[in-house]
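Asks: Please read through the structure below; I'll follow up with questions.
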Amino acid sequence: MSDEDHIEASKAPLVEHLIELRSRLLKSLIAIGIAFIVCFFVAQDIFNILLVPYERATGDATDLQLIYTAPQEFFFTQLKLALFGALFLAFPVIAAQLYMFVAPGLYKNERGAFLPFLVATPVLFLLGASLVYFVIMPLAMIFFLSMEQTGEGVAQIQLVARVSEYLGLIMTLIFAFGLCFQMPVLFTLLARANMITAAGLASKRKYAIVIVFLIAAFLTPPDPISQIGLALPTLLLYEISILCVRLIEKKRREREEAGEPEAV
């Protein structure tokens, strides 16, 4: 069966598509719900793992102290942690449901081109999260702790973080870095759709630098370590994206010279 015959056979009325979409969404929500329950019971362990960058900054975990100032604060923090972990654990199921929903409407070569993006998305997100966990967050906490005042004859000023505020900080950084690390995936998709070119990206490099630093200032805390730590990798990813787009354009020219149809 040809690609055209396969797509023609997969056509269905709008109602059937909506029913299938509801089914895919329901399965994704069930996966998130199950992962949420599992993560909720180990929320404190997850929080202790996220505290490691703070412990590395202090140099001694026994000196580390966090507080919560409302009876319900740590409970809601655990709920946020459970949802945070559930989205990570359930992503393979969500990606699989997305692929199974759109795959019948794609040509065979398009399906082959779509799969690498589903794989690259979580990998790049994990790279961004790892950069936060192992590098940016410890350096940021060292910067914040350096502002403490503990000398004699002056008021004692010490950082005693709230559990919700620390969790909000590290989650914000993880999501900010994880999303920014999706740049190669986004630009590659746009290049496949003939919406951008490598020459166009290269010519707008100076504007990209300004925009990247503005985004870094908006998404990160007001400290230079976090902002520079997000901006520099993002600019590197911008250059990598240009190389990826050039590779796509080269392959497109080769297909055109060979008389082959465009893949995506």
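Asks: Which whole-number value in Å³ per residue fits the convex hull of the alpha carbons of the stretch 16-64? List each step's numbers first, then the result.
Replies: Values: hull volume 3.4 nm³, N = 49.
With only Cα atoms used, the stretch 16-64 gives 70 Å³ per residue.
Asks: About the Cα centre of the chain, how large is the charge dipole given +1 on each Lys and Arg Cβ and -1 on each Asp and Glu Cβ? Please answer in debye to the nearest 20.
Replies: On the way: 19 positive and 23 negative charges, 108 e Å.
Dipole magnitude for the chain comes out near 520 debye.
Asks: To continue, here is another question. Name the shape class, rounded, prolate or oblate, that the alpha-carbon gyration tensor gives for the stretch 182-264, where a ≥ b ≥ c are the square roots of its eigenvalues, rounded holds for a/c under 1.5, and otherwise prolate holds if a/b is larger than b/c and oblate otherwise. Intermediate values should be presented prior to the final figure.
Replies: On the way: a/c = 3.54, a/b = 3.01, b/c = 1.18.
It is prolate, given that a/c is not under 1.5 and a/b is the larger ratio.
Asks: Next question, about the same structure. With runs of 4+ DSSP H residues as the only contributors, calculate the mean residue ellipticity of the chain at 222 nm using -39,500 (n - 2.57) per run, divided by the residue total and rounded to the nearest 500. Working shown, then result.
Replies: Values: 12 runs with 198 residues, N = 264.
The helix contribution divided over the chain gives -25000 deg cm²/dmol.
Asks: With a ≥ b ≥ c the root eigenvalues of the C-alpha gyration tensor of the chain, is it rounded (a/c under 1.5), prolate (a/b larger than b/c) or oblate? Mind showing how you got there, number by number?
Replies: Details: a/c = 3.56, a/b = 1.60, b/c = 2.23.
Oblate is the answer for the chain, as a/c is 1.5 or above yet b/c matches or exceeds a/b.
Asks: Over the Cα atoms of the stretch 136-219, what is the Rg over Rh ratio if Rh follows Kirkwood?
Replies: Numbers: Rg = 19.8 Å, Rh = 16.4 Å.
Answer for the stretch 136-219: 1.21.
Asks: Same structure again: Which whole-Hz couplings ³J(HN,Hα) result when phi for each residue of the stretch 144-157 is put into the Karplus expression 6.51 cos²θ - 1.76 cosθ + 1.60, θ = phi - 60°, listed in order with x for Gly and Pro?
Replies: Ordered by residue, 3J(HN,Hα) equals 5, 5, 5, 8, 5, 10, 10, x, 6, x, 10, 5, 7, 10 Hz.
Asks: Which value, in debye to the nearest 20, gives the size of the charge dipole of the stretch 12-96 about its Cα centre, when Lys and Arg are +1 and Asp and Glu are -1 at the Cβ? Don't skip to the answer; put the middle values down first.
Replies: Numbers: 5 positive and 7 negative charges, 76 e Å.
The dipole magnitude comes to about 360 debye.
Asks: Using the Kirkwood formula on the Cα atoms of the stretch 40-194, what hydrodynamic radius do you get, in angstrom to one decimal? Intermediate values should be presented prior to the final figure.
Replies: Details: mean 1/r = 0.0547 Å⁻¹.
Evaluated over the stretch 40-194, this radius sits at 18.3 Å.
Asks: Continuing with this model, one more query. Which entries in 206/251; 27/80; 80/204; 27/204 show an alpha-carbon gap greater than 31 Å?
Replies: As for pairs spanning more than 31 Å Cα to Cα, those are 80/204; 27/204.
Each reported figure results from applying straightforward, stated rules to the coordinates on display, with no laboratory input. Here the structure is a predicted model, which means the values were calculated and not measured. Neighbour counts are summed over all protein chains in view; Cβ atoms, including those assigned to glycine, are modelled from backbone coordinates with ideal geometry.
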